[in-house]
1. Out of residues 5 or more away from Leu246 or on other chains, whose amide H comes under 5 Å of its own, with H placed 1.01 Å from N in the peptide plane?
2. In this model, which of Lys238/Lys273; Lys49/Lys230; Lys240/Lys345; Lys146/Lys240; Lys82/Lys343 are farther than 28 Å apart at the alpha-carbon?
3. Let's see if you can work this out: charge +1 on each Lys and Arg Cβ, -1 on each Asp and Glu Cβ, no other charges. What is the dipole magnitude of the stretch 259-335 about its Cα centre, in debye to the nearest 20?
4. When only C-alpha pairs under 8 Å and at least 6 residues apart count, what is the relative contact order of the stretch 120-206, in percent?
5. If you count the DSSP beta bridges with both ends in the chain, what percent of them are antiparallel, to the nearest 5?
6. How high is the FRET efficiency between Glu332 and Ala79 when r is their beta carbon distance and R₀ equals 41 Å, given to the nearest 0.05?
7. Under 5 Å between amide H atoms, partner at least 5 residues away or on a different chain: which partners does Glu64 have, H built in plane at 1.01 Å?
8. Between helix 30-49 and the chain, what is the angle of the helix's C-alpha long axis to the longest principal axis, kept within 0 to 90° and rounded to the nearest 10?
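The values are calculated or read from the model by the stated rules, or taken from the named source; none is laboratory data. Note that the coordinates shown come from a computational prediction; the quantities given were computed from them, not determined experimentally. Here Cβ is always computed from backbone atoms with ideal geometry, including for glycine, and neighbour counts include all displayed protein chains. Just the protein is used for accessible areas: all its heavy atoms, side chains included, with ligands, DNA and RNA removed. Shrake-Rupley method; radii C 1.70, N 1.55, O 1.52, S 1.80 Å.
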Amino acid sequence: MVDTKNKLKTMEIGIDSFAAARPALKKGSAVNNMHSMTELLERMEFADKAGLDLFGIGEHHREEFLDSAPVVILAAAAARTKQIRLTSAVTVLSAADPVRVFQNFATLDLVSQGRAEMVVGRGSFSEAFPLFGLSFNDYDELFSEKLGLLLTIRANEKVTWSGKFRPPLNNQAIYPRPLQELLPIWLGVGGTPESFVRAGTLGLPLMVAVIGGETHRFRPLVDLYREAGKKAGHSPDKLKVGLHSLGYVADTSEQAVADYYPGYAETFTRIGKERGWPPVTPGRFEAQRGRLGALVVGSPNEVADKILRHSEALGGISRFTFQMDNANLSHEKLLHAIELIGKIKDVINTG
């Protein structure tokens with residue numbers, strides 16, 4: 001295995017989920033969705049017992065995902081868990097009202113007794129924009145303005161503010177306030193340099209989503225983030241970097257591939273038709289699963305080694321999250337993977 005002597009003192013390990021609906025029953029049926037949600041909450045509870053650090057719920061507005069109201073899911077999990085931190089992955093802030101976003105997560109923080117976080121971003125799908133009467137042409141301008149307002153609300157109980165996309169606030173008190181003194185807000189990014197610079201300038205922790213390609217190629221962007229943060233006067237310990245990757249763990253490498261590949265190939269070939277990507281093939285899959293590729297799929301030792309290699313390639317990461325419910329895996333296989341990830345966390349952080 002990779003030498004762990006020079007790694008970070010601790011690395012948070014967690015799960016991100018898009019609340020995928022079970023494929024076994026009729027797509028979109030209420031009964032199917034109910035069972036899918038029940039199983040998701042069971043996995044969140046099990047992740048807490050397995051000692052994982054965090055569980056994130058994404059936000060999508062598509063038939064195959066049940067995470068259009070992520071805070072509701074996180075609140076339900078808060079009642080069933082004790083230690084695990086509960087976060088969004090990500091909140092599509094461009095299409096939301098920052099006042100309501102803050103109120104929802106502040107309330108979650110109270111319900112969970114101080115375990116709430118959020119990762120905010122612009123989202124990788126476009127459905128939210130027409131759904132909420134917004135123009136995709138305002139993609140970046142919307143996000144920039146709303147992020148500024150969200151951070152202002154976090155820092156101030158009473159807010160005076162004006163902008164282009166929302167009515168102004170005039171010394172308006174915003175409640176409730178969270179239990180945590182400063183509600184954690186991470187900035188979720190893809191591959192846009194300006195997003196990395198923005199996170200560094202604001203001194204926000206960075207969550208990098210790498211779902212394809214070679215992870216080490218993101219190092220120049222992470223360096224931009226750290227340089228921007230340093231230039232803005234933020235201390236290095238404030239400039240945390242997290243990595244979100246597609247992944248799955250089974251007892252053996254062969255079992256992991258046999259479990260994961262069929263559903264992964266179906267999902268990403270279908271999404272690829274929307275985005276102009278080539279279809280998934282066994283060769284492309286193995287290249288992504290290889291030493292430098294973004295997929296973190298394999299046995300516990302393989303996966304632990306790869307996470308540590310990714311951390312070294314990016315100059316050190318403080319958080320890693322698996323996104324596993326994209327391959328039509330059964331509830332039982334996902335539970336076992338979570339159990340193994342709990343053991344991987346111990347290996348990574350104790351050597």
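1. When sequence neighbours closer than 5 places are left aside, the close amide H contacts are Val296, Gln323.
2. Lys238/Lys273; Lys49/Lys230
3. In debye, rounded to 20, the stretch 259-335 gives about 260.
4. It rounds to 23 percent for the stretch 120-206.
5. Around 10 percent of the beta bridges assigned by DSSP in the chain are antiparallel ones.
6. The pair Glu332/Ala79 has a calculated efficiency of 0.95.
7. For Glu64, no residues qualify.
8. Helix 30-49 sits at roughly 90 degrees to that axis.
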